[in-house]
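Asker: Below you will find the structure I want to go over with you.
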Amino acid sequence: MILEKLSNAAGVSGNEDAVRDIILETIKPHVDEVTVDSMGNVIAFKAKSAEKRRAETRHGETLLTTLHAAATGGGEPRVMLAAHMDEVGVMVTGYTAEGGIKFRYVGGIDDRIMPGLRVQLGKDNIVGVVGLKAIHKTKPADRECSTPYDSLVIDVGVTSSSEAESIAPLGTYGAFMTEYRKLGRLVSGKAFDDRVGCSVLAELLQGKAYPFDLYGVFTVQEEVGLRGAGIAAHRADPTCAFILEGAICDDLPRKKDQSPTTRLGHGPAISIMDRSAIADRRLVDHLTAVAEREGIPYQFKQPGIGGTDVGSIHLTREGVPSVAVSVPCRYIHAPVAALDPTDYRNTVKLMDTALREL
Ligand SMILES: [Zn+2]
């Protein structure tokens with residue numbers, strides 16, 4: 001899996017270049033066509049298998065043909081798989097006289113995690129440290145609340161605003177500086193939301209062709225409002241869509257009365273409803289039927305939490321039946337996330353089998 005490479009690359013929303021390069025290099029030999037659209041989405045086309053073309057007339061009705069008959073797009077049924085390339089991070093907004101770099105967030109980050117953190121700035125991955133007052137100098141009241149981002153600065157080891165500006169001009173991106181590592185039977189790293197989805201999608205594209213035309217789409221700017229996915233779906237004009245994600249996993253600490261969003265080690269998490277969309281129940285039922293028959297563990301993501309690119313994809317054109325399938329990830333939108341490789345493998349297996357039988 002290319003998760004390690006993808007996780008180590010910096011790709012804050014709107015600056016997905018490094019991630020895109022790895023993906024293009026990985027998938028190009030396995031697809032029929034690749035386009036990078038005007039916003040930077042990668043749209044890969046994988047034509048349906050030759051056997052399928054020969055057997056076409058013998059096939060009866062399938063879920064895909066049923067969905068396609070209800071759509072008005074015409075042509076052949078086609079399926080879109082999508083994962084977002086971007087991650088949350090920071091952007092440089094100004095300087096202090098002493099050479100500190102001011103910043104704001106790109107995407108959702110909790111103020112509590114910033115002080116004392118190492119970040120990588122710009123194309124050259126310049127190291128910066130988010131400054132923190134020594135505990136010896138703080139008052140008890142200081143330690144009871146988080147420090148808002150606008151009272152923090154990134155220290156790049158210079159002493160004037162002009163030096164800081166020459167190192168990191170206005171608008172420079174900053175990403176968490178985290179190396180992918182093993183963590184017991186888990187793996188840890190940054191940006192698993194959604195490099196894990198990108199990795200699953202790349203793996204599916206590397207496999208044998210499916211019995212339908214497939215668009216594998218790696219989207220931009222999900223973390224700032226699902227901005228890239230809609231235009232990519234407009235171009236692909238799919239019959240239905242599956243979105244591959246890294247889902248919130250808050251299964252630690254375990255309390256008796258707690259219902260976690262997802263649980264690590266319990267298989268791919270299927271979204272029924274979140275804040276951005278309600279999944280197409282026919283696709284949900286298809287996924288669970290395949291999982292049960294194949295003995296692949298799966299779980300439902302607790303309804304009502306978070307949002308994904310489904311939010312913009314399902315509202316494209318005349319509507320696209322969609323569902324999100326996620327690998328549970330602990331500590332997303334933080335410097336270090338963790339996932340269980342078994343969940344990853346089961347997600348690939350479930351998606352591959354479900355697609356072949358769609
Ligand atoms: Zn995500």
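Asker: Within the range 210-231, does at least one residue satisfy the condition of being more than 13 Å from ALA82 (Cα to Cα), within 16 Å of the ligand (Cβ to nearest atom), small (Gly, Ala, Ser) and free of Cβ contacts under 8 Å to residues at least 60 places away in the same chain?
Answerer: Yes, the conditions are met somewhere in the range 210-231.
Asker: Mind checking which residues of the range 194-253 are among the polar types (S, T, N, Q) and under 24 Å from ILE2 (Cβ atoms)?
Answerer: SER199, GLN206, THR219, GLN221 - these are the residues of the range 194-253 that are among the polar types (S, T, N, Q) and under 24 Å from ILE2 (Cβ atoms).
Asker: Looking for whichever is away from the ligand (no atom under 16 Å from the Cβ) and surrounded by 13 or more Cβ atoms within 10 Å (Cβ to Cβ) here; the options are VAL88, VAL92. Which one fits?
Answerer: Of the residues listed, the single one that is away from the ligand (no atom under 16 Å from the Cβ) and surrounded by 13 or more Cβ atoms within 10 Å (Cβ to Cβ) is VAL92.
Asker: From the list PRO321, PRO335, PRO303, exactly one residue is under 30 Å from MET177 (Cβ atoms) and within 20 Å of the chain's Cα centre (by Cα). Which is it?
Answerer: After ruling out the rest, the residue left standing is PRO335.
Residues are listed down the side, and each one gets a yes or a no for (1) more than 16 Å from the ligand (Cβ to nearest atom); (2) not aliphatic (A, V, I, L, M):
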site: TYR149; (1), (2): yes, yes
site: LEU152; (1), (2): yes, no
site: GLU163; (1), (2): yes, yes
site: TYR173; (1), (2): yes, yes
site: SER199; (1), (2): no, yes
site: GLN206; (1), (2): yes, yes
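Asker: Continuing with the same structure: Hey, could you check the range 126-179 for residues that are touching a helix residue (DSSP H, G or I) at 6+ places or on another chain (Cβ under 8 Å) and outside any loop (DSSP other than H, G, I, E, B) and say which is modelled with the highest pLDDT?
Answerer: By that ranking, first place goes to ILE126.
Every residue, every condition in (1) part of a helix (DSSP H, G or I); (2) of a type in the set (A, V, I, L, M), yes or no:
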| site | (1), (2) |
| --- | --- |
| LEU283 | yes, yes |
| ILE305 | no, yes |
| SER312 | yes, no |
| ALA338 | no, yes |
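Asker: Of all the residues that make up the range 287-301, how many are more than 16 Å from the ligand (Cβ to nearest atom) and either among the aromatic types (Phe, Trp, Tyr) or out of contact with any Gly (no Cβ under 8 Å at 6 or more places or on another chain) (or both)?
Answerer: 10
The values are calculated or read from the model by the stated rules, or taken from the named source; none is laboratory data. Quick caveat: nothing in here was measured; it's all calculated off a predicted structure. Positions of Cβ are generated from backbone atoms using ideal geometry, with glycine treated the same way; all protein chains shown enter the neighbour counts.
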